[in-house]
1. Can you tell me which condition Ile47 does not meet? The list is (1) part of a loop (DSSP other than H, G, I, E, B); (2) at pLDDT 95 or above, and all the others hold.
2. Might you check whether a residue that is assigned to a helix (DSSP H, G or I), farther than 21 Å from Ile6 by Cα, modelled with pLDDT of 95 or more and among the small types (Gly, Ala, Ser) occurs anywhere in segment 69-83?
3. Please go through (1) surrounded by 12 or more Cβ atoms within 10 Å (Cβ to Cβ); (2) at pLDDT 95 or above; (3) over 21 Å from Leu12 (Cβ atoms); (4) of a type in the set (A, V, I, L, M) for Leu36 and return the number of the only condition it doesn't satisfy.
4. Go through (1) over 28 Å from Lys8 (Cβ atoms); (2) in contact with a helix residue (DSSP H, G or I) (Cβ under 7 Å, 6 or more places away or on another chain); (3) at pLDDT below 95 and name the single condition Met62 misses.
5. Which of the residues spanning segment 9-23 are over 11 Å from the mean Cα position of the chain (by Cα) and polar (S, T, N, Q)?
6. Just a yes or no: is a residue in segment 15-28 buried (at least 16 other Cβ atoms within 10 Å of the Cβ), among the aromatic types (Phe, Trp, Tyr), without any contact (Cβ under 8 Å) to a residue 24 or more places away in the chain and closer than 24 Å to Leu105 by Cα?
7. If you go through segment 101-116 one residue at a time, how many are surrounded by fewer than 18 Cβ atoms within 10 Å (Cβ to Cβ) and not hydroxyl-bearing (Ser, Thr, Tyr)?
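The values are calculated or read from the model by the stated rules, or taken from the named source; none is laboratory data. These figures come from a predicted structure and were not determined experimentally. Cβ: placed from backbone, ideal geometry, glycine included. Neighbour counts: every protein chain shown.
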Amino acid sequence: MDYYFIIKSVHLYTALFSILGFVLRFFWKTTGNQLLDKKLVKVLPHINDTLLLSAAVYLSAMSGFYPWVEAWLGFKVILLIGYIVAGMIALKASASKKANNMAFLLALVCVSAIIALALFRPNF
C-alpha cells in the first residue's frame, strides 16, 4: 500500500479544512455569530492542525525533504509561523477591528504563499 499518497491526502485535506475553518471563524467573529463560542469550534481546529502538522513532518521524513536543506520548505515553515501569528491576531477579541482585518489579510497572504511554494517548489 502506498502510505505516501495516504499521508499526502491527509495533509492536503487537513490544510484545506484549516484554511476554510479559519475563514469561517473570522466571518463568524465579524458577524458576531454565537457559534464561535461553542466548545467544538474551539477544539476542532487544534485537532485538525495537529493532524496537519503530523502529516507534514511524516511527509518530510518520508520524502527526504527537510527544512533548511530545501530552502522552499524552510520558507514554508517561516510562512506557517506568520500565518499562525496573524491568524491569532485576526481572531483575537481584544484587538481593534482594523488590526483584525489587517491580520486576516496577512494570514491569507501567508497561506497563499505556502500553497504556491508547495505547488512550484522554487530553487532559491
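1. (1)
2. Within segment 69-83 (the criterion being assigned to a helix (DSSP H, G or I), farther than 21 Å from Ile6 by Cα, modelled with pLDDT of 95 or more and among the small types (Gly, Ala, Ser)), the answer is yes, since at least one residue qualifies.
3. It fails just one condition, (2).
4. (1)
5. Ser9
6. yes
7. Looking only at segment 101-116, we keep the residues that are surrounded by fewer than 18 Cβ atoms within 10 Å (Cβ to Cβ), and these are 101-102, 105-106, 109, 112-113, 115-116.
Now narrow it down to the ones that are not hydroxyl-bearing (Ser, Thr, Tyr): 101-102, 105-106, 109, 113, 115-116.
Qualifying residue count, segment 101-116: 8.
Residue by residue, here is whether (1) in contact (Cβ under 8 Å) with a residue 40 or more places away in the chain; (2) within 15 Å of the chain's Cα centre (by Cα) holds:
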| site | (1), (2) |
| --- | --- |
| Tyr3 | yes, no |
| Asn48 | no, yes |
| Ala55 | yes, yes |
| Ser60 | no, no |
| Ala86 | no, yes |
| Ile89 | no, yes |
| Lys92 | no, no |
